[in-house]
Amino acid sequence: MTMNLDTNKAEAKPGGPHTLGKVRTHPTQNEALMFEKSAPGKRAYKLPPLDVPAVDFSSCLGKAYRQTPAQLPELSEIEIIRHFTRLSTWNYAIDLGMYPLGSCTMKYNPRVNEFVARIEGLAEAHPYRPESLAQGILEIYDLLQRCLLEITGMDAITLQPAAGAHGEFTGILLTRAWHESQGNPRTKILVPDSAHGTNPATAAIVGYTVENIKSNADGGIDLEGLARQVDENTAALMLTNPSTLGVFEDEIHKIADILHAKGALLYMDGANMNALVGKVRPGDFGVDVMHLNLHKTFSTPHGGGGPGSGPVACKKFLEPFLPIPVLVRDEYGAKHCTDAGDWEDTNAEPTADGCPPLFRAPVLKPDGERVGDSEPMPLHPLGGRLRWEYNRPHSVGRVRAFYGNTGMFIRALAYILANGPDGLRQTTEDAVLNANYIRKKLEDLYELPYKTPSMHEVVFSDRRQAAHGVKTGDIAKRLIDYGFHPYTVSFPLIVHGALMIEPTESESREELDLFVEAMRSIAREAEENPELVKTAPHSTRVSRLDEVQAARKPILRWKPEKQ
Amino acid sequence: MRYLPKSDDERRQMLAEIGARSIDDLFAIIPAEYRLGRDLNVPRQQAESEIIAYFRAAGQKNATDYASFLGAGAYRHYRPVIIDSLVQRGEFLTSYTPYQAEITQGTLQAIFEFQTMIAELTGMDVANASMYDGSTGAAEAVLMAMRVTGRQKAVVAATVHPEYREVLHTYLRYREMPTALVGYHNETGRVDLEALAAAVSSETAAILVQSPNFFGVIEDIPAIAEIAHAKGALLIVSIAEAVSLGIVRPPVEADIVSMEAQSFGVALSYGGPFCGVIAAREQFVRQMPGRLAGQTVDGAGNRGFVLTLATREQHIRREKATSNICTNQALVALMATIFLAVYGKEGMRELAEHNLAKADYAAKTLSALSGTKLRFKGAPRFHEFVLQTDEAPAAWSRRLLDNKIVGGIELSRWYPELRNCTLWCATEVMPRETIDAAAKVLAAAPVEA
C-alpha cells in the first residue's frame, strides 16, 4: 500500500473559514482501494461444513469449469469494516446536514423504515412463493396503492417501475397503448424546455419525437403557444408540476383542456410532489397519468444514487394497459386455484386478524373531534384474498421482472403511517415554508429570474456573481466549505447559471439560517475575493477533480501494476 | 409530527418574516377549486411501535417458517451481517448521486471497486455502476447492441428467464426491432445451436442467451459466440445467478454481459430492490447505458474518482441519450461490493462449490425416487435442476406445503410443453435434512386404486 503522508497541503491554501481547519494525519484520509490492501490467505468468511457429498467440480463442469478465479481482494473482516467506514466519512449526507439538491427532495430518511424493511417475513420472501404464503406482503402492496391513489386523486396504479425514469417509461407506454387502441399512436410528445432530461429521453425510447415548448415570462407553459403546438399528432404533454422552477402551473386546468380537446393526454412528472401532498391532487386538476418518486416524496433513502421506486398512477381509461401482473382482491369465499390446489381455507375473513386493535381506532383530535369528513382508511385487511392477475390482454407488458422494489414500498408505507393525513399536509406546508424563507432571505443578493411565487424550491441565477467571474458551480463548491451540500447546479436549463435550491421540510430554522448566512457570505466573497470562491472547495479531502482527464482517457477499473 | 423540526411558534415567525399572513398565502397560486379542502383518507398518524407491530403482523402472515426450493432468478444466499451494518451508515444511506465529487468520494470509490470486481468476475473489460435489475439490464443490453452494430434485429434464446424476455418485448415494443425466439435442445436444455445458427443473419444486432440458463443449465458460450461473430452480431450473456461465476467459466467470448447481482448479499425482498449491472468490452463503453465512475486526479495530484462519460446520459444528451436511466441501484450495488469483499477470491469459489454440491445432491436424491426423472442431463448445471414427476405438481406441492416445504416452481406456466416439470434450486443454505425430508414427502404419492 502506498500512502501519501503529505496530507496537509490542502490546508495550506488560504482563506477557508477558520472553523474548517481539520487535522488530517490518519490513514483514514488515504484509504487505498481494496485490491491494494489484499494479501493472499486473508479471509473474512467461514462456510459451515458441507453436509452433502463433495463433487468433482472440474469433471462435473467440464469445459465450463472456471480455471482461474476472479482476482477479488483477500481481506479480513475488520479491514472491510474499516475500509467502508473510512470511505463513508468522505461522503456528505442528509444525516450530516442540509442537502438542498433541487428536484431531488433530500428529506430525512426515517430509521424505522429501515427496521421494518428488514423484518424477516418481508425481507426473506421469495417472489415466486405461493400467493397464499405472501398475503402479508400483498396487503402492504394493497394499502400503499390505496394511499397513493388517495394522495394523487387517480383511479389505478402500478408499483412495478424501479425508479422515476422507469415510471415515465411506463406512463408513456400506457399513453401510446391507449392512442393505439384509439386507432392512431400519434407521433410526438411535447416537453417544456424546463423539463428534466429524463422526459425527452423517455419519449424517445417509446418511439416518439420530442417537441420542445418554450416557457413563458413566468416560467410556465405559454397557453397560446401550447394551443398552436398541440395537434392530432400530439400524444401527450409531459409536465412537471410544480415546474422545475418550483412554480405551480396555475392554469393547469386550461392546459389539460387544450390537450384533451385534441385528444392528447396530460402526463405529470411527479418529481415535485412534495409540494402538493395533502393540499391538491393531480387527479383533480386534469392529469391523466403520472409517476411518483418514492425516494423523493416518500422518504425512501437515496443510497448514493438508488434504489428508487417510480409507481405510476392513471385514470380509469388507462387501467387496461397497466403492466402485468396487476394486484386484485378476490372476495371472501371465492374459489382459487392459481397455486397448488384449492386455497379457500387461506381466505382471511374481513376482520382485523393479526392487527393490533389500535389501528381500528377512529381518527380523533385531542379534543375528541373527528378529523376530516370521511372515515379513515382501515389498516386491517379488507378480507378475501389478494392475488396477481396476469390475464390482461391490453397490458403494455412487464417493465421489469417480478413486481417492483418491494423494500421501498415497505419504507414508503411506513412513512405514510408515521405521518397520517395531518402529518402529510404539515410536511408539504413546511417544505413550501422553508423554500419561501430561503427566497426571502436571499433575494436581495441573488438574482431571481422568475418572480412567480415559489412552492417547495426556489431557483436563483448567478448573474450578479458572474459579473465577478464567479459562476453557479463555484458558489456550489464554496458551499461545501461552509458545511453544506450544494444545491442543483445549472438546472433548469431555461435559467442561465441556475442555483436550484430545495430545502425540504426536514430543515429546522437554525439550519436554514446557517445556510442563508453561508450563501450571503459567499455573495460577499464573490465580490471581494472571487478567487477564493472560484478555487473552492478548500476544506475537502480532495480538491476539484480533473473531469476532462477522466473522460479523455477513461480508467474505469483497477488493474494490478505490471511486475 | 415527529419528523418535522419546527415548533408552531417558529412557523409563525417564519411566515411573518416572509410577509405571509398564514400558510395559505403560500398556496394561493393553486386555484381554489382544486385545493383539497379535507384530510387525506389515509390511516391516522401511527406511533413507531404501532408501525413496527403492523409490519411484524404482515411479516408473520407470510409464514416465515417454510423451507424453500425456489430459485428462478431470485436466490437465497447467506448475507454476512456486516453488509447491513455498513450500508446503514447514514453517510452511504442518505447521500445521493455523487455529482459533487469532492464530498462523495466514499460512494465513488466504492462504485469504482464494484465496477472492477464485476469486470473481474465476468471477464469483461468494464462494468457500469448498476442497472435496475437483470431484466431491464438485458433489455438495455440489446438496445446497446443495436446502437453498436447499427442493426435492428435480435435473436433470443427461449432459455432466457421468461420474465426477462417479457421485459425485452416491452422495451422493443415500439422500436421496430423484431426478435426471433430460438428453442432448446430436448436432452441438454441448452439453446438449440442449429436453430440458432439458422436464425442469425447479417441483420442481427445481437444474440441474447442466459447462462446458467433458466433451467439451471450452463450454455456452450464459445460455440454461441462463434455463431454470433460469424455474422457480425454481438453476443449478450445474461447471468441471473451471479454466484455461479465463482466456479463457472466466465463468458469471455461475449461482447456484453448483463448480470443480476442479487445473489451477492441482497435480500429476496419479494423481488426487489435487486441490482442489475452491464459489463462489456472496452470499445463499446461509449454506447453503455447508466453511470460510470472513473479515476482521475485533483489539483494536487491526489487520486480521486468522478462520474464520467456523462455525455451518454439523459441529463446532458436528453432525447439522444443512450438510456433514460437516472436513479440506479447504488446502495444495492454497495451491498454486492461488501459481499464480494467478504468472500473474496477464495470464498467465491468455495461458496459456488457448496451451491453446486447441494444442488447435485438434491437432484440425485429427488430423481432417484420412483415416478421422478431428472431432465436435461446432457449438460453441466450449477445449482438448479428440472425434475419431471409422474404425479401432478399441484398434488405433491400441497403435500410439501403441509410439511412446511415450498417445492420447485412449475415450468408449464412458461413452457406448456414441459408438463409436470418443476425447477428446483438448492443453495449453500439448504440443509441436507430438508432435501431428505422433501424426498420423503415426494415419494409418498398416494397409491392409485
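Here are some notes:
- Selection status of A:Thr175, at the interface with chain B (Cβ under 9 Å from one of its Cβ atoms) and buried (at least 22 other Cβ atoms within 10 Å of the Cβ): no
- Matching residues in region B:164-196 - criterion: being in contact with a helix residue (DSSP H, G or I) (Cβ under 6 Å, 6 or more places away or on another chain), crowded, with 18+ Cβ neighbours inside 10 Å and away from chain A (no Cβ under 14 Å): B:Val182, B:Leu196
- Scanning region B:228-277 for residues that are over 11 Å from the mean Cα position of the chain (by Cα), in a strand (DSSP E or B) and within 19 Å of B:Ala333 (Cβ to Cβ) returns B:Ile256, B:Val257.
- Whichever residue in region A:488-516 is in contact with an Asp or Glu (Cβ under 7 Å, 6 or more places away or on another chain), part of a loop (DSSP other than H, G, I, E, B) and crowded, with 24+ Cβ neighbours inside 10 Å and, among such residues, is farthest from the other protein chains (Cβ to nearest Cβ): A:Glu502
- Helices (runs of 4 or more DSSP H) completely within region B:110-220 that count 1 or more residues being acidic (Asp, Glu) and within 29 Å of B:Leu334 (Cβ to Cβ): B:134-149, B:162-172
- Among the conditions (1) in contact with a strand residue (DSSP E or B) (Cβ under 6 Å, 6 or more places away or on another chain); (2) within 28 Å of A:Pro325 (Cβ to Cβ); (3) of a type outside the set (Ser, Thr, Tyr), B:Ala379 misses just one, which is (2).
- Exclusive hit being within 14 Å of chain B (Cβ to nearest Cβ) and surrounded by fewer than 23 Cβ atoms within 10 Å (Cβ to Cβ), set A:Gly207, A:Gly225: A:Gly207
Per-residue answers, yes or no, for (1) surrounded by fewer than 24 Cβ atoms within 10 Å (Cβ to Cβ); (2) modelled with pLDDT under 95; (3) in contact with a strand residue (DSSP E or B) (Cβ under 7 Å, 6 or more places away or on another chain); (4) assigned to a loop (DSSP other than H, G, I, E, B):
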{"residue": "A:Leu266", "(1), (2), (3), (4)": "no, no, yes, no"}
{"residue": "A:Val287", "(1), (2), (3), (4)": "no, no, yes, yes"}
{"residue": "A:Met290", "(1), (2), (3), (4)": "no, no, yes, no"}
{"residue": "A:Phe298", "(1), (2), (3), (4)": "no, no, no, yes"}
{"residue": "A:Pro307", "(1), (2), (3), (4)": "no, no, no, yes"}
{"residue": "A:Gly310", "(1), (2), (3), (4)": "no, no, yes, yes"}
{"residue": "A:Glu319", "(1), (2), (3), (4)": "yes, no, yes, no"}
{"residue": "A:Pro323", "(1), (2), (3), (4)": "no, no, yes, yes"}
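- Filter result for B:Ala223 (aliphatic (A, V, I, L, M) and surrounded by fewer than 17 Cβ atoms within 10 Å (Cβ to Cβ)): yes
- Near pairs, Cβ below 8 angstrom, 6+ apart or cross-chain, from region A:171-189 (at positive phi) to any residue that is part of a strand (DSSP E or B): A:Arg186/A:Thr234; A:Arg186/A:Ala235
- Which numbered condition A:Ile480 fails, given (1) in contact with a helix residue (DSSP H, G or I) (Cβ under 7 Å, 6 or more places away or on another chain); (2) of a type in the set (Val, Ile, Thr); (3) under 20 Å from A:Tyr108 (Cβ atoms): (3)
- Failed item, numbered, when A:His166 is tested on (1) outside any helix (DSSP H, G or I); (2) under 20 Å from the mean Cα position of the chain (by Cα); (3) at the interface with another protein chain (Cβ under 8 Å from one of its Cβ atoms): (1)
- Residue within region B:31-43 that is of a type in the set (Gly, Ala, Ser), without any contact (Cβ under 8 Å) to a residue 24 or more places away in the chain and within 29 Å of A:Gly308 (Cβ to Cβ) present: no
- Region A:195-245, residues that are part of a helix (DSSP H, G or I) and either charged (D, E, K, R) or over 18 Å from A:Phe491 (Cβ atoms) (or both): A:Ala203, A:Ala204, A:Ile205, A:Leu223, A:Glu224, A:Gly225, A:Leu226, A:Ala227, A:Arg228, A:Gln229
- Qualifying helices (runs of 4 or more DSSP H) (wholly inside region B:1-80; at least 2 residues being more than 24 Å from A:Arg118 (Cβ to Cβ) and among the charged types (D, E, K, R)): B:8-18, B:23-26
Matching residues to (1) buried (at least 23 other Cβ atoms within 10 Å of the Cβ); (2) in contact (Cβ under 8 Å) with a residue 40 or more places away in the chain; (3) more than 7 Å from every other protein chain (Cβ to nearest Cβ); (4) in a helix (DSSP H, G or I):
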residue	(1), (2), (3), (4)
B:Gly290	yes, yes, yes, no
B:Ala336	yes, yes, yes, yes
B:Gly344	yes, no, no, yes
B:Asn355	yes, yes, yes, yes
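- Residues being surrounded by 24 or more Cβ atoms within 10 Å (Cβ to Cβ) and either more than 7 Å from chain A (Cβ to nearest Cβ) or of a type in the set (A, V, I, L, M, F, W, C) (or both) - total across region B:93-111: 4
- Failed item, numbered, when B:Asp125 is tested on (1) in contact with a strand residue (DSSP E or B) (Cβ under 8 Å, 6 or more places away or on another chain); (2) at the interface with another protein chain (Cβ under 7 Å from one of its Cβ atoms): (2)
- Qualifying residue in region A:212-227 (condition: within 23 Å of A:Lys316 (Cα to Cα) and at pLDDT 95 or above): no
The values are calculated or read from the model by the stated rules, or taken from the named source; none is laboratory data. Since this is a predicted model, take the numbers as computed values, not measurements. Counting neighbours? That spans all protein chains shown, and the Cβs are built from the backbone with ideal geometry, glycine included.
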